[in-house]
Number of protein chains: 2
Amino acid sequence: MSNKIKITEEQLKLIEKLGVVFEKLGLTPAAARIEGLLLVADNTELTFDEIRETLNISKSATSNAINMMLSMDRIEYITKPGDRKRYFRTHIANWKDSVKEKFAETGMLHEIMKEVLQQRTASTKEFNKSLSEFISLFEYLRKEIPLLFKKWEATRK
Amino acid sequence: MSNKIKITEEQLKLIEKLGVVFEKLGLTPAAARIEGLLLVADNTELTFDEIRETLNISKSATSNAINMMLSMDRIEYITKPGDRKRYFRTHIANWKDSVKEKFAETGMLHEIMKEVLQQRTASTKEFNKSLSEFISLFEYLRKEIPLLFKKWEATRK
DNA sequence: TTCTTGGTTCTGCAATAACAGAACTAAAGA
DNA sequence: TCTTTAGTTCTGTTATTGCAGAACCAAGAA
């Protein structure tokens with residue numbers, strides 16, 4: 001008996017499209033498609049075999065992709081009483097945090113650029129000025145973006 | 001005669017550090033190190049062979065990395081009268097734009113998520129609500145972040 | 001005309017990534 | 001006890017990436 005779930009042509013196309021986007025954001029092809037499936041499928045909680053058979057990927061690819069995404073907190077799973085299977089779903093609640101993290105990533109650049117400026121010879125005045133301007137842009141964004149998140153959260157309540 | 005430029009131990013270490021960061025941001029190892037060199041070297045305008053010999057990379061790697069970064073507008077070059085060589089330097093002025101672009105990248109996610117929400121079954125109410133909340137966060141950020149850039153620019157004048 | 005300079009392009013290799021398929025395993029039924 | 005379920009882990013293959021080294025090339029210089 002097949003565990004394939006019903007999926008329309010349109011949904012499949014959208015999954016492919018999402019796959020491309022998620023690949024660009026760093027997921028493997030298989031993981032990207034799983035994310036896509038969990039986003040567009042009518043049933044948002046799917047088992048290992050439903051995912052595997054619907055997307056036609058191997059057990060190993062499914063297992064590795066799922067565990068990778070669990071460890072990244074991109075997906076999560078629930079269980080049901082008297083059922084050994086896990087039901088996987090995207091962890092949308094965490095998406096906001098992962099966007100925050102993405103922004104924080106640029107903070108890494110900010111730190112090292114400060115180090116560069118400190119170590120640079122003082123003789124290249126124009127260059128150093130441009131660099132310090134760039135750094136202060138980051139400083140500004142770093143201060144303001146968290147405020148933006150807070151402001152948005154405030155509008156939700 | 002060697003074209004190697006003088007570089008301190010400290011500068012070399014910083015170049016490696018920058019290399020790691022730039023690799024994470026999508027550059028190849030060679031390109032990442034060239035960016036690093038152009039950022040920390042006392043002389044900010046270096047020739048093909050100065051780059052190549054200082055970093056000990058092959059001609060082909062140097063050529064490919066430079067052309068890739070030229071096409072990405074991450075570096076630029078100047079020439080000097082009666083000198084066939086090109087002098088490469090990082091295009092710091094463009095960095096601001098590339099940060100803007102980075103933020104715009106997330107706009108891609110925003111568009112496709114709207115498409116997902118439209119195609120979704122209406123029956124998964126909780127899920128759809130979370131999704132639409134996520135989308136509106138993006139809408140908010142997309143509106144507010146350009147304003148942030150403008151506000152920062154205003155403080156510079 | 002040949003040589004030198006400042007690169008570019010081609011060929012081949014080594015490392016890594018992503019996956020399939022098959023063997024394996026731990027827990028729960030039967 | 002044996003079997004099924006729900007995966008995990010191992011082995012091997014294929015595709016891709018990043019690079020070195022060498023051949024190549026176009027524009028002056030000699």
- If we ask which residues in the range A:54-88 are within 9 Å of DNA strand D (Cβ to nearest atom) and open to solvent by less than 50 Å² (accessible area, probe 1.4 Å), their number turns out to be 8
- Query: Of all residues in the range B:81-103, which are of a type outside the set (S, T, N, Q) and assigned to a strand (DSSP E or B)?
  - Reply: B:ASP83, B:ARG84, B:LYS85, B:ARG86, B:TYR87, B:PHE88, B:ARG89
- Task: Collect the residues in the range A:42-71 that are assigned to a loop (DSSP other than H, G, I, E, B) and within 13 Å of DNA strand C (Cβ to nearest atom), keeping them in residue-number order.
- Result: A:ASN56, A:ILE57, A:SER58
- Task: Show the residue pairs that are 6+ apart or on different chains and have beta-carbon atoms under 8 Å apart, the first residue being within the range A:77-104 and farther than 30 Å from A:LYS143 by Cβ, the second being within 16 Å of DNA strand C (Cβ to nearest atom) and among the polar types (S, T, N, Q).
- Result: A:LYS85/A:THR47; A:LYS85/A:THR79; A:ARG86/A:THR47; A:ARG86/A:THR79; A:TYR87/A:THR47; A:TYR87/A:THR79; A:PHE88/A:THR47
- If we keep just the residues of the range A:127-153 that are within 23 Å of B:GLU10 (Cα to Cα) and facing chain B (nearest Cβ under 9 Å), which is surrounded by the fewest Cβ atoms within 10 Å (Cβ to Cβ)? A:SER130
- Item | Test result for A:GLU45, over 17 Å from the mean Cα position of the chain (by Cα), within 12 Å of chain B (Cβ to nearest Cβ) and open to solvent by 10 Å² or more (accessible area, probe 1.4 Å) | yes
- Query: Within the range A:84-91, is there a residue that is more than 16 Å from DNA strand C (Cβ to nearest atom) and among the hydroxyl-bearing types (Ser, Thr, Tyr)?
  - Reply: yes
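Per-residue answers, yes or no, for (1) closer than 30 Å to B:THR8 by Cα; (2) open to solvent by less than 50 Å² (accessible area, probe 1.4 Å):
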| site | (1), (2) |
| --- | --- |
| A:ALA93 | no, no |
| A:THR106 | yes, yes |
| A:GLU115 | yes, no |
| A:THR155 | no, no |
- Go through the range A:1-27 and count every residue that is open to solvent by 60 Å² or more (accessible area, probe 1.4 Å) and under 18 Å from A:SER71 (Cα atoms). 2
- Task: Tell me, yes or no, whether the range A:15-30 has at least one residue that is more than 19 Å from the chain's Cα centre (by Cα) and either more than 9 Å from DNA strand D (Cβ to nearest atom) or within 11 Å of chain B (Cβ to nearest Cβ) (or both).
- Result: no
- Name the pairs: first residue in the range A:46-62 and farther than 13 Å from A:THR28 by Cβ and in contact (Cβ under 8 Å) with a residue 12 or more places away in the chain, second residue open to solvent by 30 Å² or more (accessible area, probe 1.4 Å) and more than 9 Å from DNA strand D (Cβ to nearest atom), Cβ to Cβ under 6 Å, at least 6 apart or on different chains? A:GLU50/A:ILE5; A:GLU53/A:LYS4; A:THR54/A:LYS4; A:THR54/A:ILE5
- Could you say which residue among B:ILE75, B:ILE57, B:ILE51 is closer than 21 Å to A:GLU126 by Cα and away from chain A (no Cβ under 12 Å)? B:ILE75
- Going by the structure shown, is B:ILE51 touching a strand residue (DSSP E or B) at 6+ places or on another chain (Cβ under 9 Å), open to solvent by less than 50 Å² (accessible area, probe 1.4 Å) and either on the phi > 0 side of the Ramachandran plot or within 11 Å of DNA strand D (Cβ to nearest atom) (or both)? no
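The values are calculated or read from the model by the stated rules, or taken from the named source; none is laboratory data. Bear in mind that the values here come from a model prediction, so they are computed numbers and not experimental data. Glycine also receives a Cβ, built like all others from the backbone with ideal geometry; neighbour counts cover every protein chain displayed. Please note that ligands, DNA and RNA were not included when accessible areas were found on the heavy atoms of the full protein model with its side chains. Shrake-Rupley method; radii C 1.70, N 1.55, O 1.52, S 1.80 Å.
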